[in-house]
Amino acid sequence: MFWPKYLSTTTYSVISIVGLFAFLLPFLQPQIQLTESGIGHTQDAPIFTITLVFLCLMAMLLDAQSNMLNAKTVALLGVLLSINTVIRFVEVAIPGPGGVTPVFFLIMVAGFVFGPRFGMLMGCLSLLTSAFVTGGVGPWLPFQMFTAGWMGLSAGLLGRAVRRQENKRLQLVALVVFAALWGFLYGAIMNVWFWPFADNPIQQSWRPGMSLGEVIDHYLLFYSLTSLTWDAFGAAGNGALMVAFGGAAIGVLDRAHKRFEFAIQS
Amino acid sequence: MRHPLGWVAWLAACSASVWRTRNPLYLILAVLAIVLVRNSSKTESDNPSVSSWRWIFAMVPISALFNALWTRVGDTRLFVLPDWLPLVGGAITLEALTYGAQNGLVLLALLLAFSVVNQHLSIHDWISFVPRVFHQLAVVVTIAVTYVPLSIREIHVIRDAQTIRGHQPRGARDWVPLFVPLLTGALERALTLSESMAARGFAAPVKPSWSLQGSVIAGAALICLGGLTPMLSNQIHGLIFILPGIALVVIALLFSERRSGVVRYEVQHLWRMDMLALFLSVVVVLLPMAPWLDSRSLVYYPYPVLTAPAFDPWFGGGMMLIAFPAFLAKRSHI
Amino acid sequence: MIELQHVTFTYPDGRAPALNDVSLVLAPGGMSVITGPSGCGKSTLLRCLNGLVPHYSGGHMSGRIRVAGQDPIAESPHGMARHVGMVQQDPEAQFVMDVVEDEIAFALETSGLSRSAMRMRVEETLDLLQLVPLRRRQVLTLSGGEKQKVVIAAALALRPDVLILDEPTSQLDPQSAETVLTALAGLNNDLGLTILLSEHRLDRVLQFADTLIVMRAGAAITGPTAQLAGTLAHPPPIIQIATAMGWSPLPLTIKRGRAHSERTRLAPAPAARAKAPARPILEVIGVTASHGTNRVLNHVSLIAGAGELTALMGRNGSGKSTLLRSIVGLQKVQHGSIRMAGHDISRMPVAERCRHIAYLPQDPNAMLFAPTVRDEVAATLRNHQVPVTEERGLITRMLETLGIDHLANAYPRDLSTGERQRVALAAILVTNPIALLLDEPTRGLDGSAKHALGTYLISCQARGLAIVLVTHDTEFAAELADRVIVLASGEVIADGSPHDVLAHSPVFSTQVAKLFPGSGWLTATQVLATRQPASQTLSAENQTDAVNLTHNG
């Protein structure tokens, strides 16, 4: 059938656009307000973003479910998630320095070895399961799932691009850089999405007549002053974890991939 | 109140009421009501985040401080920070402090409500809300949760096994002997588990749910359009896209739910108290919309000069009604 | 019910076929046992029956298979689920849900049954395996035997015609194994369920089997149990005695065996010769230890001398493993002291202790992380800061002593259970310790691996190592131990020579001791070594009739 065949491509393109829109919404909000007169409507923004992110998540999960899940991938994902949940559990009890979270390590490695869809599921469901287990279900959960899903997905794309390389060391270097970048990216994305719940600094610092560019400038300054140091820790931690464990973990997952390869086709 | 639906309805009612107002008096009432619910059922919980919920209260001062440092609006100047400080330089006003505290209260009430629900709902309760279309994903999460205790035990076993070989973790790389057996063991278990599941007839979804997927995509696109519309015209026009978008998703979901071919074994019974909880939740949401009420006291804005917030006993009472689970929980077996 | 015609199967990267021209026919309602050394193709044969091979493994298959009238290759595992239920070795790796009842219902949720039919099924299945009292229990809190029963129940939820089990008791202690086998025998007798299980610990299972399938290197011989049991490579003691003494038909139970053994006169066993007391290596003096408020060891004392092998026995949770763990320092000791070669080591750190006292934990897999066997052993040396110059020679010698030098570059996790254990042994023994502690080393080993382990332990004794062995395997203990200590609720309740402890206890006695009660003999080797020609009471006249064996290979 024509329609299902192109469904995956459509899904991911639409999600990218919608996701980008939801991401930029806090920046667009002042512009929207400019055309309004009331005050109360800014409060709808978080609900609106949550709904959008929720739908994007649903579409991504449906796509992955119908394209790659079978007894093998379900079992594989399940046990990998349980390890990640345990790691998260330890992390909640003993928080690491700065934003270092070992949870992202396995998401990225799994995506890198098993492909974008697997990485996406690994990312989304890692955050979901650990929220269930640690009692951390909250309004931020859809955002975390979506962002971590993108992390796994992009790790899978990186894997596709780099894994043809015979040089194992080069592969690892690429993954280390990628992991460090995501340390910053995750912080930045979560900031933008979470702030509307607290007290949107973008709206607060917005003054009539400010252009979109100025708003973004302002945000960047704000980000670099508040969150950057925190995220720098996270990025360094991600990179360091990848240096220390990346090679070994890729080796182990590669062996598993060989034994599971009759099932995984993503 | 036993059914997870009761708690989710309560959570929705809490969020709706809290979200609707910025009046600090109502918000404080809401927080009090939620704390009452929380304290009415002391459950033993070993969840680290559940047991350390007190940090949530720090939301109010943090938010107040942030806003005060950030905003230059308001007439009551407390003191002035030197201008050469980037971003925060300028006058600190009482109004900005108040506005920040208001937002902090909203956040506090929300987080508290979520923490109460987290305390009451088990993982299986959460999973029971997952639509049957997502059966496979629900199974993935169930497996993950089932194997958590086993993985924890495994970590102890591996740590001991490495210790007796003289292993002492010093640097990051020294954790490899602990991490690799854990991962390898898990993958071997996954192979056994997948065979066990296949032997019990677990398979890929019979029909790929492409119609649902398409509807969700279309719905998301419509809602997105609806969000963009106010940039061009009126906010109300956005609803022309948003409402059909939501309807499309809901209808598609209901439709595919019937075709999923999954029958749940465990179905919780709705007790009389649960029905009452659902009813009360609806009342909490609808009460402030009553036509004879004057909704002006819901809005409170400290700028430009701080004023005393108005108080309407109807809305105050509505907020107090949030505490209803505290009274239902005690008689949970009816 | 099960029919294989000239089935040959090769794994994708396998050089030799895993199944080599196997043909067999099994009647409905029977209970059959497949046996053979590790890697002989038992698991492959079982997995052929529900389509997991080749659907889940890949590989090349020829021949014809029919199970309950279905073709597993055409039907795929999904389609075969209604006809064949499967149970595997490790019960803990087969759970999807964490509560007993939900686990049983798991397969039914996607089966198309209505909810009321599903409830009925779950109730019936709980009854079949007597799991009703456990229905709301968390699976992980159950004992090993109960867990395996839940796995069986879950496999039966779809009401299959055939139940296949891949070494279902190899990870269990004897009591648990007994419960599982009794449950299986019940299902077979009462429901007429066709059961096919693979096993290499045959002493308990043979009595239930109608048909025996003996496999070696992919080839299978099928025949009635009583006829084929005599041809086994590592038969249980009762079969060894019976074959050597020419009892016919072969007795599969002690009860049957007694009918023959009563007519056999055996010379009484010589009184245990008192060994000269050896130089004490390990001394445990009045040790008390607790898990939380639960006291697991209560004033336990033990002395292990150079070249002595002490067997620690007792039921699960009696404190055997805890005792080993307190010796190496993994378990905190509250009272008492531990001395090594005369020095108190209670304050010595674990890593330092383990350099002198090697400890093989129950699951050697937990140790293995390196990409090759050689690296695995080298990791221990590096932990103990042994100079790199000595490393190569030490490792090579160690691997040679254990007979795994040809595997030096293999990936440890790809090896068989026995080989993995040897790698773990190499990794703990390479520091040249003076004592060796082993926690249930025979679990999951096949006959030849067990025999090889025994031989290796004897060579360690000869080198003067003090060995302490925790085991449930009475036959193994009787064969090797100089001394047997029985623990119960954290206290020593028996301590003496194997002869004193094992010959008279109904729980811990060996098959031979049960066969010849009061004679003092414990193992088949002892009996057969000292057997006088006069004790052969049975003549050749009632020899077995010629057996019609179907040999394909």
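Got a number for residues in the range B:252-263 being part of a helix (DSSP H, G or I) and surrounded by 13 or more Cβ atoms within 10 Å (Cβ to Cβ)? Write out each step before concluding.
First, the residues of the range B:252-263 that are part of a helix (DSSP H, G or I): B:252-259.
Pick out the ones that are also surrounded by 13 or more Cβ atoms within 10 Å (Cβ to Cβ) and you get B:252-253, B:255-257, B:259.
Selection size over the range B:252-263: 6.
Conditions tested, residue by residue: (1) under 26 Å from residue B:194 (Cα atoms); (2) surrounded by 22 or more Cβ atoms within 10 Å (Cβ to Cβ); (3) hydrophobic (A, V, I, L, M, F, W, C).
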position	(1), (2), (3)
C:4	yes, yes, yes
C:20	no, no, no
C:28	no, no, no
C:34	yes, yes, yes
C:50	yes, yes, no
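Determine whether residue A:59 is at the interface with chain B (Cβ under 7 Å from one of its Cβ atoms), at pLDDT 85 or above, under 18 Å from residue A:143 (Cα atoms) and touching a helix residue (DSSP H, G or I) at 6+ places or on another chain (Cβ under 6 Å). Here the answer is yes, as residue A:59 does meet what is asked.
Evaluation of residue C:280 against the conditions (1) under 17 Å from residue C:467 (Cα atoms); (2) buried (at least 19 other Cβ atoms within 10 Å of the Cβ) shows that the sole unmet condition is (2). Counting only residues that are facing another protein chain (nearest Cβ under 10 Å) and within 30 Å of residue C:283 (Cβ to Cβ), the range C:345-371 holds 17 of them.
Just checking, does the range C:155-174 include any residue being of a type in the set (A, V, I, L, M), closer than 25 Å to residue C:203 by Cα and surrounded by fewer than 22 Cβ atoms within 10 Å (Cβ to Cβ)?
So in the range C:155-174, the residues of a type in the set (A, V, I, L, M) come out as C:155-158, C:162-165, C:172.
Add one more test, that the residue is closer than 25 Å to residue C:203 by Cα, and what stays is C:162-165, C:172.
Narrowing further to those that are surrounded by fewer than 22 Cβ atoms within 10 Å (Cβ to Cβ): C:162.
Within the range C:155-174 (the criterion being of a type in the set (A, V, I, L, M), closer than 25 Å to residue C:203 by Cα and surrounded by fewer than 22 Cβ atoms within 10 Å (Cβ to Cβ)), the answer is yes, since at least one residue qualifies.
Within the range C:500-522, the set of residues being surrounded by 18 or more Cβ atoms within 10 Å (Cβ to Cβ), more than 11 Å from residue C:254 (Cα to Cα) and of a type in the set (A, V, I, L, M, F, W, C) comprises C:501, C:502, C:503, C:508, C:521, C:522.
Can you tell me how many residues in the range C:372-384 are surrounded by fewer than 24 Cβ atoms within 10 Å (Cβ to Cβ) and either within 8 Å of chain B (Cβ to nearest Cβ) or at pLDDT below 90 (or both)?
Within the range C:372-384, residues that are surrounded by fewer than 24 Cβ atoms within 10 Å (Cβ to Cβ) and either within 8 Å of chain B (Cβ to nearest Cβ) or at pLDDT below 90 (or both) number 4.
Counting only helices (runs of 4 or more DSSP H) that sit wholly inside the range C:53-167, those with at least 2 residues that are over 29 Å from the mean Cα position of the chain (by Cα) are C:72-80, C:100-109, C:115-128.
Out of all the residues in the range A:92-110, is one or more at the interface with chain B (Cβ under 8 Å from one of its Cβ atoms) and touching a Ser or Thr at 6+ places or on another chain (Cβ under 7 Å)? The answer is yes, given that some residue of the range A:92-110 is at the interface with chain B (Cβ under 8 Å from one of its Cβ atoms) and touching a Ser or Thr at 6+ places or on another chain (Cβ under 7 Å).
Among C:166, C:98, which is of a type outside the set (Gly, Ala, Ser), touching a Ser or Thr at 6+ places or on another chain (Cβ under 6 Å) and more than 9 Å from chain B (Cβ to nearest Cβ)?
On the way: C:98 fails: more than 9 Å from chain B (Cβ to nearest Cβ).
The unique qualifying residue is C:166.
Taken over the range C:429-457, residues that are in contact with a Ser or Thr (Cβ under 7 Å, 6 or more places away or on another chain) and among the β-branched types (Val, Ile, Thr) amount to 3.
Results for (1) part of a helix (DSSP H, G or I); (2) in contact with a Gly (Cβ under 7 Å, 6 or more places away or on another chain); (3) aromatic (Phe, Trp, Tyr); (4) modelled with pLDDT under 80, shown as yes or no for each residue.
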| position | (1), (2), (3), (4) |
| --- | --- |
| A:153 | yes, yes, no, no |
| A:164 | no, no, no, no |
| A:169 | yes, no, no, no |
| A:173 | yes, no, no, no |
| A:185 | yes, no, no, no |
| A:203 | yes, no, no, yes |
| A:210 | no, no, no, yes |
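The C-beta contact set for the range C:64-84 (first residue buried (at least 20 other Cβ atoms within 10 Å of the Cβ), second residue of a type in the set (D, E, K, R), distance under 6 angstrom, 6+ apart or interchain) comprises C:81/B:200; C:83/C:161. The number of residues in the range B:25-54 that are at pLDDT below 90, surrounded by 18 or more Cβ atoms within 10 Å (Cβ to Cβ) and closer than 21 Å to residue B:100 by Cβ comes to 0. Residues in the range C:142-159: is at least one within 12 Å of chain B (Cβ to nearest Cβ), free of Cβ contacts under 8 Å to residues at least 40 places away in the same chain and more than 19 Å from residue B:143 (Cβ to Cβ)? Scanning the range C:142-159, I find no residue that is within 12 Å of chain B (Cβ to nearest Cβ), free of Cβ contacts under 8 Å to residues at least 40 places away in the same chain and more than 19 Å from residue B:143 (Cβ to Cβ), so the answer is no.
Cβ-Cβ distances below 6 Å connect the following pairs, each with a first residue in the range B:189-200 that is closer than 20 Å to residue C:365 by Cα, a second residue that is in a helix (DSSP H, G or I) and at pLDDT 90 or above, and a separation of six or more residues or different chains: B:189/A:79; B:189/C:93; B:190/A:75; B:190/A:76; B:190/A:79; B:192/C:93; B:193/A:75; B:193/C:93.
Restricting the range C:419-444 to residues that are of a type outside the set (Ser, Thr, Tyr), outside any helix (DSSP H, G or I) and free of Cβ contacts under 8 Å to residues at least 60 places away in the same chain, which is surrounded by the fewest Cβ atoms within 10 Å (Cβ to Cβ)? Spell out how you get there, then give the answer.
Start the filter on the range C:419-444 by keeping residues that are of a type outside the set (Ser, Thr, Tyr), which leaves C:419-430, C:432-441, C:443-444.
Pick out the ones that are also outside any helix (DSSP H, G or I) and you get C:430, C:432-441, C:443-444.
In the following step, the residues that additionally are free of Cβ contacts under 8 Å to residues at least 60 places away in the same chain were identified as C:430, C:432.
Working: C:430: 26, C:432: 12.
For the range C:419-444, the residue satisfying everything is C:432.
I'm trying to understand the selection: among the residues of the range C:280-294, which are part of a strand (DSSP E or B) and of a type in the set (Ser, Thr, Tyr)? Steps first, please.
Going through the range C:280-294, the residues part of a strand (DSSP E or B) turn out to be C:280-291, C:294.
Of everything in the range C:280-294, those that are part of a strand (DSSP E or B) and of a type in the set (Ser, Thr, Tyr) turn out to be C:288, C:290.
The values are calculated or read from the model by the stated rules, or taken from the named source; none is laboratory data. Being a predicted model, the structure only gives us computed values, none of them experimental. When we count neighbours, we look across all protein chains shown, and the Cβ atoms used for this are built from the backbone with ideal geometry, even at glycine.
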